Amino acid sequence: MLAELLQGVDTGGFVLVQDTACCSGRHLLKSFLSASVNREEVVHVLGFDVSEEELTDGLKESAAQRLHFHDACTDPLGWTSHPPFTVDQFTVEDLTPLIKQTSHHKPATLVVDSLSWILRHHKPPAVCKTLQQLRKGGAVRAIIGLLHADMHPRGTVGSLRHLATCVITVTPGVRGDETVVKITKRSKSGKVAQDEEIFSIKEDLTVMVQGKTSHPGLKQTNTEEQERDPTTNLTFNLRLSDSEREAKEKLALPFAFSKEKKTALLHSGPGSGRILYEPDANDDYDQEDPDDDLDV
């Protein structure tokens, strides 16, 4: 799935590359950057974490020259008189004309390195709103953002993951030159696909997928749970044999009435008792006024 994503992000898509301090995702971000430039897409980069020289290291000179890098690393807070790009400019009103100015009316791919820097100075709802408006505004074709997940609360990370159409979580591999990615991709129809792969990145930023990951420890745990029977050491039996189950099904429950029992209760047979009332002479009963004996 990683190779398919590198071939091109869907229009309106938002790819979130999520890493931690123990495993950086910037090299994978640069691979996405290189693949987009090689497809001759218009690419704008908001560089907050590293300089342009460090981010374009490994790219071909011709590819690096086609990038539109907005330097937000030199003066991100605008302390100088003429800052190149500041964190306060991460708004739809500022980014849309900036992108359209150099995109020649062609939707561009926006690369953000990184969203963590922006989240330090903007509230998460405002960042999510800006990303969503950029996706729907027409100036941006796709967004690829890097997020340092261990720097933010779980709710903030969850909000960005929910907004993204594809989440790529980078974790260390077994070997030093290998990295594991956990991919969760949501299609426009709402279908969710997940995959886990091992990859490595060459010096020219080409990604080599080594294969799928296996979880022998997880499978072994499931097997052990299946083999472990909690009813083995009980002093009583929780299961029924075939003969016991047959006898149970034939047993008549006290609250279940059979046809014979219903007939016996509804129809009186010989020897059943009846109550007969014969009025005597002392009974003052007027058929025309049954309530005559009442003192009213």
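The values are calculated or read from the model by the stated rules, or taken from the named source; none is laboratory data. Fair warning: this is a prediction, and the values are worked out from it, not measured in the lab. All Cβ positions, even for glycine, are placed from backbone atoms using ideal geometry, and neighbour counts span all protein chains on display.
General observations
- Residues in the stretch 23-68 that are of a type outside the set (G, A, S), buried (at least 19 other Cβ atoms within 10 Å of the Cβ) and part of a strand (DSSP E or B): V43, H44, V45, L46.
- Listing of strands (runs of 3 or more DSSP E) fully contained in the stretch 109-215 that carry 1 or more residues being among the acidic types (D, E): 192-201
- Verdict on S81 being at pLDDT below 90 and among the polar types (S, T, N, Q): yes
- Boolean, Q89 is on the phi < 0 side of the Ramachandran plot, without any contact (Cβ under 8 Å) to a residue 24 or more places away in the chain and in contact with a His (Cβ under 9 Å, 6 or more places away or on another chain): yes
- Cβ pairs under 6 Å, 6+ apart, first in the stretch 170-191 and under 12 Å from T213 (Cα atoms), second crowded, with 17+ Cβ neighbours inside 10 Å and of a type in the set (S, T, N, Q): G173/T179; K182/T169
- Scanning the stretch 9-22 for residues that are in contact with a helix residue (DSSP H, G or I) (Cβ under 8 Å, 6 or more places away or on another chain) and surrounded by fewer than 17 Cβ atoms within 10 Å (Cβ to Cβ) yields G12, T20, A21.
- Enumeration of residues in the stretch 92-111 that are in contact with a helix residue (DSSP H, G or I) (Cβ under 7 Å, 6 or more places away or on another chain) and in contact (Cβ under 8 Å) with a residue 60 or more places away in the chain: A108, T109, L110, V111
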